[in-house]
Amino acid sequence: MRLFVGINFEDKQQNQLLKMQAAFLPHMTNGRQTPVENLHCTLLFLGDTDSDKLGEITKKLAETAKRHSPFLTGFWDTAHFANGCTVVKLKCDKKFAALQSDIENTLDTKQNEKGKFLPHVTLLRKSVFDMPFREVKKNVPIFNVPFEVRDFTLFLSEFTPDGMVYTPLTFFKLGV
C-alpha cells in the first residue's frame, strides 16, 4: 500500500484552486492538470507500507489529531518547481508546522531532512510555459482568504492506466 497524509479541501477552496489552475492554461505549452479530486496538501508521504501496519498508523494519527486544534491557513503565492510542478503555496504558521512535524515524529518518519516543510498544492505537473513563470503568474488570481483546517486524511495512492488515484482511508478531526 502506498500511503500519504494530507489535507483535503472543501468545495470553496477546490473552486479557488481550479480558477488558479485555469489561469495558467492559456500560457502552458506542455504538461497536465491535477484532477480536482487529487487536489490536496501533503503533510507526509509514507510511501510503500505493509498493510498490517495500517491499524498502528491509524491509531497514531488519531492520537496526533487530538493534540492539535483547528487552525487558519490560506493560499498566498504560486511557484514553479524544477521538476515541472506548478504549485500554490499555503501559509504555514506555527500551528500548521507543529501539526506536520508531530505527524512526522509520531510516525517516526524523517521526510523533510532535505529542507523545510513547504505546504503546497500541485496544480500542474511537467508544466512548461510560453513565457517566464514570473510573467505567467501575474495572470493568476490568488485567493488570499483564510480558511480553517479542521482535519487531515490518510490516503491510499494508486497508479492506474488513467493516472494517480487518491483514496481517502481515514479522516482525523483536530482536537477530538
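The values are calculated or read from the model by the stated rules, or taken from the named source; none is laboratory data. Because the structure is a prediction, the values reported are computed rather than measured. Because the Cβ atoms are built from the backbone with ideal geometry, glycine has one as well, and the counts that use them run over all protein chains shown.
Can you go through N105, N8 and tell me which one is under 19 Å from F172 (Cβ atoms) and surrounded by 17 or more Cβ atoms within 10 Å (Cβ to Cβ)? Steps first, please.
Details: N105 fails: surrounded by 17 or more Cβ atoms within 10 Å (Cβ to Cβ).
Residue meeting the stated conditions: N8.
Would you pick out the residues in region 144-163 that are over 22 Å from K12 (Cα atoms) and either aromatic (F, W, Y) or surrounded by 14 or more Cβ atoms within 10 Å (Cβ to Cβ) (or both)?
Across region 144-163, the qualifying residues are L156, S157, F159.
With respect to A65, is the statement that it is within 24 Å of V149 (Cα to Cα), under 19 Å from the mean Cα position of the chain (by Cα) and in a helix (DSSP H, G or I) true? Even if it seems obvious, please write down each step before you answer.
Values: within 24 Å of V149 (Cα to Cα): yes; under 19 Å from the mean Cα position of the chain (by Cα): yes; in a helix (DSSP H, G or I): yes.
Considered against the rule, which asks whether it is within 24 Å of V149 (Cα to Cα), under 19 Å from the mean Cα position of the chain (by Cα) and in a helix (DSSP H, G or I), A65 comes out as yes.
So H80 fits all but one of (1) under 22 Å from L154 (Cα atoms); (2) modelled with pLDDT of 95 or more; (3) surrounded by 14 or more Cβ atoms within 10 Å (Cβ to Cβ); what number is the exception?
(1)
Select from region 135-176 the residues that are in contact with a His (Cβ under 9 Å, 6 or more places away or on another chain), more than 30 Å from E56 (Cβ to Cβ) and not aliphatic (A, V, I, L, M) and list them in ascending order.
E135, K137, N139
Condition (residue is acidic (D, E), under 21 Å from F75 (Cα atoms) and touching a residue at least 12 places away in the same chain (Cβ under 8 Å)) applied to region 146-168: is it met by at least one residue? Full working, then the answer.
First, pick out the residues of region 146-168 that are acidic (D, E): 148, 151, 158, 162.
With the extra rule that they be under 21 Å from F75 (Cα atoms), the set shrinks to 148, 151.
Checking which are touching a residue at least 12 places away in the same chain (Cβ under 8 Å) leaves us with 148, 151.
Yes, that holds for at least one residue.
Tell me which of these K126 doesn't satisfy, since it passes every other one: (1) over 16 Å from the mean Cα position of the chain (by Cα); (2) surrounded by 14 or more Cβ atoms within 10 Å (Cβ to Cβ); (3) of a type in the set (K, R).
(2)
Looking at (1) over 24 Å from P70 (Cβ atoms); (2) polar (S, T, N, Q); (3) not in a helix (DSSP H, G or I), which one does T42 not meet, given that it meets all the others?
(1)
So which of T86, T58 is farther than 15 Å from V5 by Cβ and modelled with pLDDT of 95 or more?
Working: T58 fails: farther than 15 Å from V5 by Cβ.
Residue meeting the stated conditions: T86.
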